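Chemist: Dumping the structure here so I can ask a few things about it.
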2 protein chains.
Amino acid sequence: MTQPSRQAFVPFVSVDHMMRLVLQVGIETLMVELADAIEADFRRWPEFDKTPRVASHSDIGVIELMPTSDGQQYGFKYVNGHPGNMRRGLQTVTAFGVLADVATGYPVMISEMTILTALRTAATSAMAAKWLAPKDARVMAMIGNGAQSEFQALAMKAVCGIEEVRLYDIDPAATRKCAANLAGRGLRVTSCKAPEEATMGAQIITTCTADKQYATILTDNMVGGGVHINAVGGDCPGKTELHRDILMRSGIFVEYPPQTRIEGEIQQLDPDHPVIELWQVIAGEAPGRTGLSQVTLFDSVGFAIEDFSALRHIHRRLQDTGLFQELDMIADPDDPRDLFGMICRAEAANAA
Amino acid sequence: MTQPSRQAFVPFVSVDHMMRLVLQVGIETLMVELADAIEADFRRWPEFDKTPRVASHSDIGVIELMPTSDGQQYGFKYVNGHPGNMRRGLQTVTAFGVLADVATGYPVMISEMTILTALRTAATSAMAAKWLAPKDARVMAMIGNGAQSEFQALAMKAVCGIEEVRLYDIDPAATRKCAANLAGRGLRVTSCKAPEEATMGAQIITTCTADKQYATILTDNMVGGGVHINAVGGDCPGKTELHRDILMRSGIFVEYPPQTRIEGEIQQLDPDHPVIELWQVIAGEAPGRTGLSQVTLFDSVGFAIEDFSALRHIHRRLQDTGLFQELDMIADPDDPRDLFGMICRAEAANAA
């Protein structure tokens with residue numbers, strides 16, 4: 001078989017490589033780097049080609065493509081959401097992504113993104129909290145102790161200086177798992193028996209539950225003045241976590257309104273209810289928190305630019321670490337018009 | 001490092017594997033199989049979730065995602081189009097694709113699709129010609145002798161019984177390349193010095209050129225009564241190959257009107273100019289060719305369902321051939337809620 005040229009190879013970051021990368025760099029360092037990368041791209045938000053994700057819905061889940069481009073590089077993520085998967089021993093969310101060169105259209109990296117999505121979601125939450133939460137926030141309530149919870153806790157520690165997390169989940173086994181995973185990582189971890197107990201004394205409340213349709217994870221009485229709510233779990237049509245009354249008294253910050261209006265907590269509100277785009281706060285074009293007693297809400301649904309930032313950062317990191325394998329993914333004949341001849345020559349080489 | 005579970009692995013068909021598959025099955029046999037697979041999916045067209053491709057345009061090219069689903073399986077293709085790539089020694093079009101299980105959202109195959117796109121495009125053309133061209137068609141003019149030309153010629157031979165191809169390209173080197181590649185494959189190959197010469201005596205005219213914006217590859221006088229035109233090259237906004245007069249006297253057949261109105265030859269016509277969807281002909285819901293003297297035109301731009309059919313067929317073929325490698329692409333912890341713990345255990349395993 002004739003050897004493919006260099007152009008034919010695309011670096012692939014496997015799950016194993018991604019885990020090694022996380023361990024080699026250190027999860028908190030990587031969270032800080034990802035938060036910085038995402039913040040830098042939010043600051044130049046208008047440069048991006050933006051579109052709501054392209055979803056293919058079925059009765060039991062959704063498969064989505066999330067593309068974006070800054071004119072130099074193009075990225076997209078494939079991601080599914082299947083709440084019933086957990087009962088079958090599968091991940092609710094799995095993902096992979098691709099970074100490509102806009103000038104040639106050639107992919108330059110393909111990467112697992114199940115782990116990377118967990119990292120970038122937590123890094124985005126922490127970056128938003130850095131801008132919106134009270135400056136002296138040291139305690140976070142973590143409602144929902146599933147696959148995303150430890151990432152959220154460590155990102156909030158690394159980026160915002162959170163010192164205590166107060167865990168609650170309807171399933172005590174999830175809380176035990178989360179507490180065990182966080183042990184010895186420099187956080188005070190308190191396991192709580194009720195959501196009211198978890199929110200006590202917390203300046204940041206993170207909600208990240210997966211299963212329920214139009215659930216009310218937080219009721220109005222659980223949210224004191226000055227709190228920052230980081231609502232992660234309400235992220236598709238028909239799926240919300242917060243009581244509407246909380247939204248009505250909060251300053252609401254979102255990623256990309258055309259997507260959040262459909263998928264976020266604000267699907268409970270009128271379509272013209274005022275919201276602020278987070279990038280505008282970062283770029284200095286809109287105010288963030290307006291006072292000590294304001295309730296701020298980051299209604300996070302996840303946007304393609306965050307994946308793009310994460311893919312670019314991992315791509316940069318690959319140069320130092322070599323944590324990838326090369327895939328023979330691009331047919332690259334010597335004469336670009338001679339694709340057929342490339343196959344013929346493979347035949348001759350095989351016969352030889 | 002702990003071993004990933006079986007669920008974590010996704011079969012990957014490399015360029016090398018795809019070439020071996022083509023050679024092992026035989027290109028004409030594979031063309032017939034693909035044409036049958038595509039026809040079967042066109043027959044059940046209403047079952048598919050359809051959307052125009054999601055394009056990200058730049059000054060020099062486009063990167064597109066083409067998803068579709070039949071409710072059981074989901075497929076998408078990543079494909080670029082960069083006409084200037086050829087001058088840099090790169091492919092104008094490269095592609096890869098993914099097939100996934102709708103029930104779980106897990107990918108079941110990732111495949112190179114540069115070669116597979118060439119195969120499915122030719123198989124679709126031949127399948128359309130089987131339904132639309134004169135039954136006794138034996139001669140095809142092939143205008144444009146680039147990367148797609150040999151695939152078109154062999155598909156038309158295998159599926160429609162074409163015996164002679166008459167080649168023309170503005171670059172004689174392309175014609176020489178095409179003629180050399182087709183030598184000894186059971187086709188009479190005639191190289192022509194002008195497009196008028198190529199179309200002489202042809203019952204099928206295939207146009208497949210890449211470079212020009214609003215070019216006129218075919219003029220009205222070159223198209224006699226009863227001819228079937230297979231217009232492959234006009235496939236994005238601002239790129240057409242046929243003179244408008246030809247369209248005005250042709251029965252026009254398309255894949256998916258919302259996409260073809262923007263990308264196909266019919267972008268030259270009023271938005272309500274009547275066209276017939278090819279699937280309707282196959283399903284018996286619309287007439288095909290209405291008489292011996294009718295000019296029929298398949299205004300092909302390529303649609304996601306054709307890629308889906310091709311991916312499914314290759315996936316079936318993988319079982320017999322074993323021509324794939326397994327990628328550790330899906331993070332799959334023993335407890336789906338314990339993604340973080342999977343990373344921790346990888347650390348422990350590394351330290352051991």
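Chemist: Relative contact order for chain B: what percent, with Cα pairs under 8 Å and sequence separation of 6 or more? Please report the intermediate quantities before stating the final value.
Modeler: Details: 719 pairs, mean separation 76.8, N = 352.
22 percent.
Chemist: Something else: Would you look at the GNM of chain B, springs on alpha carbons closer than 10 Å, and say which of B:189, B:54, B:281 moves the most?
Modeler: Greatest mean-square fluctuation among the candidates belongs to B:54.
Chemist: Additional query: Take chain A, mark every one of the GluC sites (Glu not before Pro) that falls in a DSSP loop and has at most 16 other Cβ within 10 Å, then report the longest stretch left between them, sites excluded. Walk me through the intermediate numbers first.
Modeler: Numbers: sites that count: A:163, A:285.
The answer is A:1-162.
Chemist: How high is the relative contact order of the range B:53-198, given as a whole-number percent (alpha carbon pairs under 8 Å, six or more residues apart)? Could you put the intermediate results ahead of the total?
Modeler: On the way: 248 pairs, mean separation 20.0, N = 146.
Relative contact order for the range B:53-198 comes out at 14 percent.
Chemist: Relative to the other copies, what are the label-point distances for residue A:258, with labels 7 Å from Cα along the C-beta vector, expressed in nm at one decimal and sorted shortest first?
Modeler: For residue A:258, the other copies' label points sit at 1.4 nm, shortest first.
Chemist: Considering only Cα-Cα distances, which of the following residue pairs are longer than 25 Å: A:50/A:77; B:135/B:177; A:50/A:239; B:77/B:177? Could you put the intermediate results ahead of the total?
Modeler: Details: A:50/A:77 14 Å; B:135/B:177 30 Å; A:50/A:239 23 Å; B:77/B:177 29 Å.
Cα-Cα > 25 Å for B:135/B:177; B:77/B:177; rest within.
Chemist: Starting from the Cα-Cα distance between residue B:273 and residue B:36, subtract it from 0.36 nm times their residue separation and give me the gain in nm to one decimal.
Modeler: Values: separation 237, 0.36 × 237 = 85.32 nm, distance 2.98 nm.
Contour length minus the Cα-Cα distance gives 82.3 nm.
Chemist: Roughly how crowded by other chains is peptide A:63-75, in terms of the mean Cβ count from those chains within 10 Å of each of its Cβ atoms?
Modeler: Working: counts 14, 2, 7, 1, 7, 1, 4, 0, 3, 1, 0, 5, 2.
Average neighbour count from other chains, rounded to a whole number: 4.
Chemist: Beyond 34 Å, what share of the Cα-Cα pairs of chain B is found? Please give it as a whole percent.
Modeler: Above the 34 Å cut-off, chain B has 27 percent of its Cα pairs.
Chemist: Right, next: How large is the helix-only mean residue ellipticity at 222 nm for the protein assembly as shown, computed as the sum of -39500 (n - 2.57) over DSSP H runs with n ≥ 4, divided by its residue count, in deg cm²/dmol to the nearest 500?
Modeler: Values: 22 runs with 246 residues, N = 704.
Computed mean residue ellipticity for the protein assembly as shown: -10500 deg cm²/dmol.
Chemist: Please work out the Cα center distance from the range B:231-266 to the range B:63-102, rounded to the nearest Å.
Modeler: Each part's Cα centre sits 21 Å from the other's.
Chemist: Within the set of other residues whose C-beta is less than 11 Å from the C-beta of residue B:91, count the net charge using Lys and Arg as +1 and Asp and Glu as -1. Before the final figure, lay out each step's value.
Modeler: Numbers: positive: A:337, B:88; negative: A:332, A:335, A:338.
The answer is -1.
Chemist: Starting from the Cα of residue A:130, draw a straight line to each of the lysines and keep only those under 19 Å, dropping any in the same chain fewer than 8 residues away.
Modeler: A:157
Chemist: Given the Cα-Cα distance of residue A:135 and residue A:219 and 0.36 nm per residue of separation, how much length would full extension add, in nm?
Modeler: Numbers: separation 84, 0.36 × 84 = 30.24 nm, distance 2.43 nm.
Stretched fully, the residue A:135-residue A:219 segment lengthens by 27.8 nm.
Chemist: Hey, got the average number of other protein chain Cβ atoms within 10 angstrom for residues in A:85-97?
Modeler: Details: counts 5, 3, 1, 4, 7, 8, 12, 4, 4, 12, 5, 8, 0.
Other-chain Cβ atoms within 10 Å of each residue's Cβ, averaged: 6.
Chemist: Could you please rank A:106, A:74, placing first whichever residue has the fewest other Cβ atoms within 10 Å of its Cβ?
Modeler: Details: A:106 21, A:74 25.
So the ranking, lowest neighbour count to highest, is A:106, A:74.
Chemist: Quick one: net charge around residue A:41, please, counting Lys, Arg +1 and Asp, Glu -1 for every other residue with C-beta under 12 Å from its C-beta. Numbers along the way, then the final one.
Modeler: Values: positive: A:43, A:44, A:50, A:120, A:312; negative: A:36, A:39, A:47, A:70, A:255, A:306, A:307.
Combined, the nearby Lys, Arg, Asp and Glu give -2.
Chemist: Next question. To the nearest 20 Debye, how big is the dipole of the range B:29-94 about its Cα centre, given +1 on the beta carbon of each Lys and Arg and -1 on that of each Asp and Glu? Provide the component values of the computation, followed by the final result.
Modeler: Values: 7 positive and 9 negative charges, 72 e Å.
Dipole size: approximately 340 debye.
Chemist: Also, I was wondering about something else. If you put a point 7 Å past Cα along the Cβ direction, how far is that point for residue B:26 from the same point in each other copy, in nm, smallest first?
Modeler: Label point to label point, same position, other copies: 6.3 nm.
Chemist: Oh, and also: Using 0.36 nm per residue of separation minus the Cα-Cα distance, give me the extension gain between residue A:180 and residue A:60 in nm, one decimal. Mind showing how you got there, number by number?
Modeler: Details: separation 120, 0.36 × 120 = 43.20 nm, distance 3.14 nm.
Answer, rounded to one decimal: 40.1 nm.
Chemist: If you don't mind, there's one more thing I want to ask. Using a 10 Å cut-off around each Cβ, can you sort B:31, B:200 from fewest to most neighbouring Cβ atoms?
Modeler: Values: B:31 26, B:200 15.
So the ranking, lowest neighbour count to highest, is B:200, B:31.
Chemist: For the protein assembly as shown, give the magnitude of the charge dipole about the Cα centre (Cβ charges: +1 Lys/Arg, -1 Asp/Glu; no others), in debye to the nearest 20.
Modeler: Numbers: 62 positive and 88 negative charges, 123 e Å.
Its charge dipole is roughly 580 debye.
Chemist: Can you grab the distance from the C-alpha centre of the range B:277-306 to the C-alpha centre of the range A:111-150, Å, no decimals?
Modeler: Cα centroid of the range B:277-306 versus Cα centroid of the range A:111-150: 53 Å apart.
Chemist: Test of understanding: express the Cα radius of gyration of the protein assembly as shown as a ratio to 2.2 N^0.38 Å, with N the residue count.
Modeler: Values: Rg = 27.6 Å, N = 704, 2.2 N^0.38 = 26.6 Å.
Normalised Cα radius of gyration, the protein assembly as shown: 1.04.
Chemist: What translational D, rounded to a whole number of µm²/s, comes out for the range B:139-270 from Stokes-Einstein when the hydrodynamic radius is the Kirkwood one over Cα pairs, at 10 °C and 1.306 mPa s?
Modeler: Values: Rh = 14.8 Å.
Estimated via Stokes-Einstein, D reaches 107 µm²/s.
Chemist: 7 Å along Cα→Cβ for the label point: how many nanometres lie between residue B:136 and each equivalent label in the other copies, listed shortest first?
Modeler: For residue B:136, the inter-copy label distances come out at 9.6 nm.
Chemist: Still on this model: So, counting K/R as plus one and D/E as minus one, what does the shell of residues with Cβ under 11 Å around residue A:173 add up to?
Modeler: Numbers: positive: A:176, A:177, B:337; negative: A:169, A:171, B:335, B:338.
Counting the neighbours of residue A:173, the net charge comes to -1.
Chemist: About the Cα centre of chain A, how large is the charge dipole given +1 on each Lys and Arg Cβ and -1 on each Asp and Glu Cβ? Please answer in debye to the nearest 20. Please list the in-between numbers first.
Modeler: Details: 31 positive and 44 negative charges, 182 e Å.
With Lys and Arg at +1 and Asp and Glu at -1, about 880 debye.
Chemist: Over the range B:4-118, what is the relative contact order in whole percent, taking alpha-carbon pairs under 8 Å and six or more residues apart? Display every interim value, and only then the final one.
Modeler: On the way: 164 pairs, mean separation 26.7, N = 115.
Averaging sequence separation for qualifying contacts and normalising by length gives 23 percent for the range B:4-118.
Chemist: When B:345, A:20, A:87 are ordered from fewest to most other Cβ atoms inside 10 Å of their Cβ, what list results?
Modeler: Values: B:345 16, A:20 19, A:87 9.
With the sparsest Cβ surroundings first, the list reads A:87, B:345, A:20.
Chemist: Given the options A:23, A:266, A:119, identify the residue whose Cα lies farthest towards the positive end of the charge dipole of the protein assembly as shown (+1 on Cβ of Lys, Arg; -1 on Cβ of Asp, Glu).
Modeler: Farthest along the dipole direction, towards plus: A:23.
Chemist: Let me ask another. Report, ordered by chain and residue number, the aspartates and glutamates lying within cross-link reach of residue B:193, taken as a straight Cα distance under 15 Å and ignoring same-chain residues fewer than 8 apart.
Modeler: Candidates past the 8-residue exclusion: B:169, B:171.
Chemist: If you don't mind, there's one more thing I want to ask. Taking +1 at the Cβ of each Lys and Arg and -1 at the Cβ of each Asp and Glu, which of A:304, A:86, A:219 sits farthest along the dipole of chain A towards its positive end, judged by Cα position relative to the Cα centre?
Modeler: Checking the options against the dipole of chain A, the answer is A:219.
Only the coordinates and a few stated rules stand behind these numbers; no lab work does. Since we're looking at a predicted model, the values are computed, not measured. Please note: Cβ atoms are built from the backbone with ideal geometry, for glycine as well, and neighbour counts cover all protein chains shown.
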